[in-house]
1. Over the alpha carbons of region 220-280, what is the largest minus smallest coordinate on each principal axis, giving the biggest first in Å?
2. Over the heavy atoms of R524, what accessible area does a 1.4 Å probe trace out, to the nearest 10 Å²?
3. Residues with beta-carbon under 12 Å from that of V281, excluding V281: net charge, scoring Lys, Arg +1 and Asp, Glu -1?
4. Give a residue-ordered list of calculated ³J(HN,Hα) values for region 468-473 (Karplus: 6.51 cos²θ - 1.76 cosθ + 1.60, θ = phi - 60°; whole Hz; x for Gly, Pro).
5. Debye calculation, C-alpha points only, no solvent: report log10 I(q)/I(0) for region 409-528 at q = 0.11, 0.12 Å⁻¹, in the same order as the q values.
6. For K513, which lysines qualify as cross-link partners when the Cα separation must be under 20 Å and same-chain residues fewer than eight apart are set aside?
7. T318: net charge of surrounding residues, Cβ under 9 Å, Lys/Arg +1, Asp/Glu -1, itself excluded?
8. Would you mind giving the three semi-axes, in whole Å and largest first, of the ellipsoid equivalent to region 443-507 according to its Cα gyration tensor?
Amino acid sequence: MSTENEGTAVPPAPSAPPVPVASPEASRPHPTSDAGAPTTPLPPTPSAPPPATPPAPGAAGAAPASAAEAGWPPPAPSAPPQDPYAGAPQAAHPGHPGGPPAGGGADGAGAWPPPPPATPSYADPGAGAGTAEGVGGAGGGTDWGTTYAQHPAPKAGRGRGGLVAAVLVAALAAGGLGGGLGYTLAKNDDTSGSTTVSASDSGGSVKRDPGTVAGVAAKALPSTVTIEAESTNGEGGTGTGFVFDTQGHIVTNNHVVADAVDGGKLTATFPDGKKYNAEVVGHAQGYDVAVIKLKSAPSDLKPLTLGNSDKVAVGDSTIAIGAPFGLSNTVTTGIISAKNRPVASSDGTGSNASYMSALQTDASINPGNSGGPLLDAQGNVIGINSAIQSASSGGLGSTGQAGSIGLGFAIPINQAKYVAQQLIKTGKPVYAKIGASVSLEESAGGAKISDQGSGGTEAVEAGGPAAQAGLKSGDVITKLDDRVIDSGPTLIGEIWTHKPGDKVTLTYERGGKTHTVDLTLGSRTGDS
């Protein structure tokens, strides 16, 4: 899946809160004291604001004793004020609830203060979920970019002259009363000294230990970058990467930089705002891993520490860093919710799919997180965020808009490290292989060796590992070592977790009987 996003325009924000309507509180009579002392009536409120005169001493900032005594609230307008929030759209992507009910509706009438404006929508001009944010078959691969549109606020004040005048008169009356009371209290307290108590202006220093999420994020963020890739025809997308070494190599997803491979433009921006041009060193479409290098790289780069993805356990804490919907330097948390999850994904260009035996996490991952690091609780990189399950269609071959629904997938760092080192060394990926073509259908009950290979070639490569092990067309591979194989993509993903030369044990079925054979994995260089 790709790392794009799309949404709706943000509605204009009001410059002033809606005018309140009459409150039931103001209609109740003001109670008298238990002693029966009559309440001194306030002078009638004039129909127009009085001439501007200096306020009584102590009036500034004074509040009325109660809303009723101050002549508040003012008379309700003859027609309800127009709701400035009417029609505001809900947020365009999962996890972003829309704004609260408008203040002028049945539920909002008379509420003061008014509700805040609706949460703005984030835009993502693109569609698709082939890789890095949607799992399975071909998906859309258009560019992702985030816009946060904020429109000028409408001017207020028209048609409210009478109400403003009434509020002003009430405020002046309350100010005079408050000033008089303040003067009396101060005079009576002259001989007792000051009773002012200064509140502390600080709650104390906040200490964030290295093992906390904040501590991990503070250490890792300076070593992550937001990547922008643009093709020669102006198309492109946004993703994430992280510092791999002090020479300026950045590891990311292949589908993040695919647009810039053939003469396109590539930039990497650090959280401090420093931006560098970059070039693609090598990319592995099948692994969905790429390495880029910063031009004129700074000398103070700090590579992230790589962990051991083989030792990750279900339930371990995870921290993801990326630029979801273009919002750079975003940190989300979760756990490892599954391991060895077979995932097939596509960058949306119609090329071959990527396969992985992924780490599954419920940390919020969205378009733009692709290529970013998935960290453990100590800040070690355990995976590269690459794909999510899309909510827009029911299965792994999603082609709709991607969004986080708690199912994110990361390439295990042990595999990604090996691939990155090969790309830095030779510029080309090296894949392990068994030398046989398998069906990509998911209903075979395993990985079935095809009747023929791509382009009409033999399904079992002559002299290859599978041929030497005696495998034939029609055999159904059901296990690789102790991993259950339920389909061709699962087998490919498991093979690619190994290196050429590794010895593995295959379990397969032929003619209703189960067989086991050992073989040594071969190698293939390049994506073609």
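The values are calculated or read from the model by the stated rules, or taken from the named source; none is laboratory data. All values reported here derive from a predicted model rather than from experimental measurement. Note: ideal-geometry Cβ built from the backbone for every residue, glycine included; neighbour counts use all protein chains shown. All accessible areas refer to the heavy atoms of the entire protein, side chains included, with ligands and DNA or RNA removed. Shrake-Rupley method; radii C 1.70, N 1.55, O 1.52, S 1.80 Å.
1. 33, 20, 16
2. In the full protein context, R524 sits at about 80 Å².
3. On the way: positive: K293, K295, K425, K428; negative: D245, E279.
Value of the local net charge: +2.
4. 5, 7, x, 6, 9, 4
5. Listed by q, the Debye log ratios stand at -0.36, -0.43.
6. Correct list for K513: K448, K472, K479.
7. Working: positive: none; negative: D316, D362, D376.
That works out to -3.
8. Details: eigenvalues 65, 46, 24 Å².
Whole-Å semi-axes of the equivalent ellipsoid: 18, 15, 11.
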